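Asker: Sending over a structure as structure tokens; questions will come in a sec.
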Amino acid sequence: MSRIGIKPVNIPANVEVNIDDSNYAVVKGPKGQLEQQLPKIIDIEIQGAEVKVSRQSDDKELRALHGLTRTLINNMVVGVTEGFQKTLEIVGVGYRAQKQGKKLILNLGFSHPVEMEDPQGIETAVEGAKIIVKGIDKQQVGNYAAIIRDWRRPEPYKGKGIKYSNEVVRRKAGKTGK
């Protein structure tokens, strides 16, 4: 049995969860609304203040989707109540970020500044050498943080670049001279 899939998802008092017959989930909460099509071959029931996910058999495909479906529902509930955030750090001399309205402007050693428009539902903030990406959809927050990081990944010799706050950059020894 799936250890994650059998756990019920608790629904807080200020959150409304609706799941129709085709497993289309709509979750409304204080921070907004999320909608997602969940796998149709998984059974989802709302019982009181809990959502229970079950499967009909032990097929390999159903076992794989059982825990995933429960986690997707839980992420939607957490997103509309608390939200998600990722923190990026800019390391390097002359590397910096600034915010102008809904634009994030990055100076990363290129001949031009990199301008990025915040996507719908995502908000960025700059605090010194840190960029904070916030939103209610966990997948969108992680994706946008990865796009920002891809502009200048941390390099292993000096550690310069954009890295996640909890990321550890493995350093290499440089050239040895005479």
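Asker: Taking only pairs six or more apart or across chains, which ones have beta-carbon atoms under 7 Å, a first residue in the range 122-133 that is among the charged types (D, E, K, R), and a second residue that is open to solvent by 20 Å² or more (accessible area, probe 1.4 Å)?
Answerer: Glu123/Lys134; Lys130/Thr87; Lys130/Glu89
Asker: For the range 125-148, which positions are of a type outside the set (A, V, I, L, M) and within 15 Å of Gly32 (Cα to Cα)?
Answerer: Hits for the range 125-148 are Lys134, Gly135, Asp137, Lys138, Gln140.
Asker: May I ask you to list the residues in the range 105-134 that are open to solvent by 40 Å² or more (accessible area, probe 1.4 Å) and within 22 Å of Phe84 (Cα to Cα)?
Answerer: Matches in the range 105-134: Glu117, Pro119, Gln120, Gly121, Glu123, Val126, Glu127, Gly128, Ala129, Lys130, Lys134.
Asker: Follow-up question, since we're still on this one. Which members of the range 135-157 meet the condition of being open to solvent by 70 Å² or more (accessible area, probe 1.4 Å) and closer than 26 Å to Thr71 by Cβ?
Answerer: Lys138, Gln139, Gln140, Asn143, Ile147, Asp150
Asker: Right, something else. List the strands (runs of 3 or more DSSP E) inside the range 75-131, counting only whole elements, that have at least 1 residues being closer than 22 Å to Pro30 by Cα.
Answerer: The qualifying strands (runs of 3 or more DSSP E) are 84-91, 122-127.
Asker: Taking the range 63-75 as the search range and keeping residues that are open to solvent by 10 Å² or more (accessible area, probe 1.4 Å) and of a type in the set (A, V, I, L, M, F, W, C), which one is modelled with the lowest pLDDT?
Answerer: So, considering only residues that are open to solvent by 10 Å² or more (accessible area, probe 1.4 Å) and of a type in the set (A, V, I, L, M, F, W, C), the one modelled with the lowest pLDDT is Ala64.
Asker: Which of the following residues is closer than 13 Å to Ser54 by Cβ, open to solvent by less than 90 Å² (accessible area, probe 1.4 Å) and without any contact (Cβ under 8 Å) to a residue 60 or more places away in the chain: Pro8, Pro30?
Answerer: When all the criteria are applied, what remains is Pro8.
The values are calculated or read from the model by the stated rules, or taken from the named source; none is laboratory data. Since the structure is predicted, the reported quantities are computational estimates derived from the model, not experimental observations. Quick reminder, even Gly has a Cβ in these numbers, built from the backbone with ideal geometry, and neighbours come from all protein chains shown. Note: areas computed on protein heavy atoms with side chains; ligands, DNA, RNA excluded. Shrake-Rupley method; radii C 1.70, N 1.55, O 1.52, S 1.80 Å.
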